[in-house]
Amino acid sequence: MAKNTQVEALVKQEYEAGFVTDIEADTVPPGLNEDVIRLISAKKHEPEWMTEWRLAAYRHWLTMSEPKWAHVNYEPVDYQSISYYSAPKSNDDAPQSLDEVDPKLLETYKKLGIPLHEQAMLAGVAVDAVFDSVSVATTFKKKLAEAGVIFCPMSEAVEKHPDLVRQYLGSVVPTTDNFFASLNSAVFTDGSFVYIPKGVRCPMELSTYFRINASNTGQFERTLIIADEDSYVSYLEGCTAPMRDENQLHAAVVELVALENAQIKYATVQNWYPGDENGVGGIYNFVTKRGACRGKHSRISWTQVETGSAITWKYPSCILIGDDSVGEFYSVALTNNYQQADTGTKMVHIGKNTKSTIISKGISAGHGQQSYRGLVKVLKGAENARNYSQCDSLLLGKTCGAHTFPYIEVKNPTAQIEHEATTSKIGDDQLFYCMQRGISEEDAVSMIVNGFCKDVFAELPMEFAVEAGKLLAVSLEGAVG
Amino acid sequence: MLKIENLHASVDGKEILKGIDLEINAGEVHAIMGPNGSGKSTLSNVLAGRPGYDVTEGAVHYNDKNLLELSPEERAWEGIFLAFQYPVEIPGVNNVYLLKAGLNAIRKHRGESELDAMDFMSIIREKMKLVDMDESLVRRSVNEGFSGGEKKRNEIFQMAVLEPKLAILDETDSGLDIDALKVVAGGVNKLRSKERAIVMITHYQRLLDYIEPDAVHVLADGRIVKTGDKSLALELEKRGYDWVLEETRV
């Protein structure tokens, strides 16, 4: 009965992180071949084995083609027009301390609200910041070192902890895994490396902020987190990029390894530039994230809040190898304007008594298209595997879409799998109810959307839950009226 | 306080209200009764400003303001409260949180300071007693999983917290068993005051056994066809609506 105009205008957004930092950069000319890979490897002073590892990945990548099965549409990417390495120039001889970091860079991080300096101490967050291709500063190294925790840029880990890197890099996401993962393996430039030793509970939240600044560059970061026996770590990554008319590629790989009794919590607040209201520009976010619960009673949980990017293609997954291991996936994905997201998870049950939980909340507005794609696979030896999946979609307006593609493969009869899915529209009745109580329309929308996402936000560290709620509100700004 | 003049309103191009005249003063309780489809709920929705209801003619004055020019939230800020016939569920949004946002928006409009969590909770505790609300109910998501009776009770609880000047109760008695009806009516009676006007929209007389109205109006086919005191309600209970309709047709 009531008109839908209330909800229909829900499609305008100011992208607050859209500024460009004017900084001199050392950028490799566009194009990809073995020489470029050797050049990247040389710039990073990598050992021979690393160079060879990259080249093997590249040679395999050449035999692959881009996946087409995702429910997204975009112009083909010209991989020869992308520059595969860009580093702030002043950073050539890597900074030894924050004082040596280009003040303009620090200014950028300040604008983004990243606590690089002492504020970080208060927040208890250790931050690694990756700007275009290189990691510019890692805070709190000392305090972490006292606990035996290694938290450093990947390039530094290759140099200083080659044994750990060689043992684990590519062990969860092999160089041959998929098109984007192979590309990343060939050209990855930086990212974070974390090692938590046996029995250590990481004394603070670890955090990485990624920023794409230069134009025509791709960002290919590689993150590897290893939690040794009986250890615990909570890690958060945030991402932003300037507003640009052309599309930019971001193809990251994240690998997590949890050994016996270890727990890794990995949270992402992804706010890459989503393109403008007509769908021009924006980041292509083609990411492979996977965790292996190798030890008994190990536990990995992925929490993601995805509000940015023109296209998101991302399935943070858990391979539950150890008996009694647990995998969790909590996701809020929002698509507004012409954003497209095809996201979900894979839970592969291999060990006995393994458990997995999937909670996915998709919000579509404007012309946004949103797909949940999830696989729950129970192998023959996985006695008493349990999975619970819940996929809820919320539609705002009439021009957006929500799709659910659940795949279930069970090879063991003792498995118990539950799947629930709902699709609802943000009701004009709900809006009117809130407004009748004195709440403005915009506040009402953000209240209802936040309520819808509550189960997922509960999984984020407190301060980031607040940030995520605000981010959703900003992303839906002007959406009603 | 409220003066409705020759109000015509339609929904999807169909005229439902066909010339309503009604005046209500502060401190008064009016009952609006009538058969199904007479336009009772349309009237309450028009007064609260629900989108989708088009006023085609007439005027509504509310405390020197042109009510029809105000948005729904502005009407709430000015002290209009609608107890919904079908309160909607809002999953994940805490009842207390919604009320705090609403009350603070109203206070802000009045130029009063916003309440902090402590002060707000003491108000909540005080008002809970009025309608015998359980604390666990207050802390749940708005109306989610509430029984019909609990939803109606929650409406009156919200009214108690927001302290409106004009409260419109849209079929608050429907779906209540006798015990729940007594509790809800008891709450409404405690909220009667010299400064507050209450409009009760109801199909049945039984609510009026517990809340005594100052005036009773019969709404039929989009018009108020008869006005009387509480004895009119008793007569309607006995004889049904037909005789009023017959009478007015002559």
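List every residue whose amide H lies under 5 Å from the amide H of A:HIS419, counting only residues 5 or more places away in sequence or on a different chain, with H placed 1.01 Å from N in the peptide plane.
A:SER389
What does the charge count near A:THR312 come to, summing +1 for each Lys or Arg and -1 for each Asp or Glu among other residues with Cβ under 9 Å from its Cβ?
On the way: positive: A:LYS314; negative: A:GLU306, A:ASP342.
With Lys, Arg at +1 and Asp, Glu at -1, the net is -1.
Per residue of B:133-144, count partner chain C-beta atoms within 10 Å of its C-beta, then hand back the mean as an integer.
Values: counts 0, 0, 0, 0, 0, 0, 0, 0, 2, 7, 1, 1.
What the average comes to for B:133-144 is 1.
Computed FRET efficiency, Cβ-Cβ of B:THR56 and B:GLU247, R0 25 Å: what is it to the nearest 0.05? Show your work: numbers first, answer last.
Values: r = 28 Å, r/R0 = 1.10.
FRET efficiency, B:THR56 to B:GLU247: 0.35.
Identify all lysines with a Cα-Cα distance to A:LYS377 below 23 Å; exclude those on the same chain that are fewer than 8 residues away in sequence.
A:LYS68, A:LYS265, A:LYS289, A:LYS296, A:LYS314, A:LYS346, A:LYS352, A:LYS355, A:LYS361, A:LYS411
With every protein chain kept in place and ligands, DNA and RNA left out, what is the accessible area per residue of the protein assembly as shown? Probe 1.4 Å, answer in Å².
Accessible surface, normalised per residue, equals 39 Å².
Excluding same-chain residues fewer than 8 positions from B:LYS14, which aspartates and glutamates have a Cα within less than 15 Å of its Cα?
Filter leaves B:ASP54, B:GLU57, B:ASP221.
In µm²/s, what is D for the stretch B:2-249 at 37 °C and 0.692 mPa s, where D = kT/(6 pi eta Rh) by Stokes-Einstein and Rh is the Kirkwood radius from Cα pairs?
176 µm²/s
Sorted by average packing, counted as other Cβ atoms within 10 angstrom per residue and highest first, what order do A:311-320, B:5-14 take?
Going by the mean number of other Cβ atoms within 10 Å, highest first, we get A:311-320, B:5-14.
Spelling out what I want: for every residue of the stretch B:86-94, take phi, set θ = phi - 60°, compute 6.51 cos²θ - 1.76 cosθ + 1.60 (Karplus), and round to whole Hz; glycine and proline get x.
My calculation for the stretch B:86-94 gives 10, x, 8, 8, 10, x, x, 9, 5 Hz in order.
Averaged across the residues of A:424-435, what count of C-beta atoms belonging to other chains lies within 10 Å of each residue's C-beta?
Mean inter-chain Cβ contacts per residue within 10 Å come to 6.
Taking the Cβ-Cβ separation of B:GLU23 and B:TYR86 as r and a Förster radius of 35 Å, what is the calculated FRET efficiency to the nearest 0.05?
The computed FRET efficiency comes out at 0.80.
Hey, what do the phi angles of the stretch A:423-429 turn into as Karplus ³J(HN,Hα) couplings, whole Hz, using 6.51/-1.76/1.60 and θ = phi - 60°, x for Gly and Pro?
3J(HN,Hα) across the stretch A:423-429, in whole Hz: 10, 9, 9, 5, x, 4, 5.
Please compute the average number of Cβ atoms from other chains found within 10 Å of each residue's Cβ in peptide B:90-102.
6
Probe radius 1.4 Å, ligands and nucleic acids left out: can you give me the accessible area buried at the B-A interface, summed over both chains, in Å² to the nearest hundred?
Using a 1.4 Å probe on protein heavy atoms, the buried area is about 2300 Å².
Measuring from centroid to centroid over Cα atoms, what is the spacing of the stretch B:22-89 and the stretch B:117-168 in Å?
21 Å
State, to one decimal in nm, how far the label point of A:TRP49 lies from the label point of A:HIS161, with both points 7 Å from Cα in the Cβ direction.
Inter-label distance under the simple model: 1.6 nm.
So how far apart, in nm, are the two label points at A:GLN416 and A:ALA458 if each is 7 Å from Cα heading toward Cβ?
Going by the 7 Å Cα→Cβ label model, 1.9 nm.
Net charge near B:GLY175: determine it from the other residues with C-beta under 10 Å of the C-beta of B:GLY175, scoring Lys and Arg +1 and Asp and Glu -1.
So the environment of B:GLY175 carries a net charge of -1.
How big is the Kirkwood radius of the stretch B:71-144, worked out from every pair of different alpha carbons and given in Å to one decimal?
13.4 Å
Threshold 50 Å², probe 1.4 Å: give the residues of the stretch B:49-65, in number order, that are less accessible with all protein chains present than with their chain alone.
Listed in order, they are B:ARG50, B:PRO51.
Please give the peptides A:282-289, B:64-71, A:174-181, A:379-386 ranked by average Cβ packing (other Cβ atoms within 10 Å per residue), highest first, as a rough proxy for protection.
Numbers: A:282-289: 25.2, B:64-71: 13.5, A:174-181: 19.4, A:379-386: 17.9.
The peptides rank, most packed first, as A:282-289, A:174-181, A:379-386, B:64-71.
With the Cα gyration tensor of the protein assembly as shown in hand, convert its eigenvalues to equivalent ellipsoid semi-axes via √(5λ) and list them largest first in whole Å. The partial results should precede the final answer.
Values: eigenvalues 704, 133, 109 Å².
Over the Cα atoms of the protein assembly as shown, the semi-axes work out to 59, 26, 23 Å.
Under a point spin-label approximation (7 Å from Cα along Cα-to-Cβ), what is the B:SER193-A:GLU383 distance to one decimal in nm?
The answer from the label model is 6.8 nm.
Sort A:46-54, B:212-220 by the packing proxy (mean of other Cβ within 10 Å over each peptide's residues), most packed first.
Packing proxy ranking, top to bottom: B:212-220, A:46-54.
Could you tell me which of the pairs B:LYS40/B:LYS190; B:LYS108/B:LYS230; A:LYS143/A:LYS198 are separated by over 28 angstrom between their Cα atoms in the structure shown?
Pairs exceeding 28 Å: B:LYS108/B:LYS230.
The values are calculated or read from the model by the stated rules, or taken from the named source; none is laboratory data. Predicted, not measured: the structure shown is a model, and the values here were computed from it. Neighbour counts run over all protein chains shown; Cβ positions are idealised from the backbone, glycine included. Each accessible area value is taken on the protein alone, full model and side chains, heavy atoms only, with ligands, DNA and RNA left out. Shrake-Rupley method; radii C 1.70, N 1.55, O 1.52, S 1.80 Å.
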